[in-house]
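Structure first, commentary second.
What follows draws every value from the coordinates through simple rules; no lab data is involved. None of these values were measured; they are calculated from a predicted model. Cβ sites come from the backbone with ideal geometry, for glycine too, and all protein chains shown count toward neighbours.
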């Protein structure tokens, strides 16, 4: 009787372990971490730390170092209007092989050069 109880307990533990680990059997590797792009706004131009990034989540950290207020818009998302010295970030999901226009939406700023194209690889 004791032997039967031991076998049942052992089998029960094995079955519980199997069902607990089964969801991980075909698990895919974790998604790549987001890429960070640093953007500096100044003197009516943007300076980006890179012109392209792997597709997926990309974090744009925007810092205004110029005297005028600026924002940064890409892929349908936009920072708030930033005063000199302020920093904000936005996270966008970019599709492979697509080009994305970025722009300062303050009237007249894009015409003065605050625009460009970013590529997802």
Sequence of 44, 118 once ranked by neighbouring C-beta atoms within 10 Å, starting from the fewest: 44, 118
How much length is gained on full extension from residue 77 to residue 61, taking 0.36 nm per residue of separation minus their Cα-Cα distance? 4.5 nm
Per residue and in cubic angstrom, what volume does the convex hull of the Cα atoms of segment 35-120 have? 73
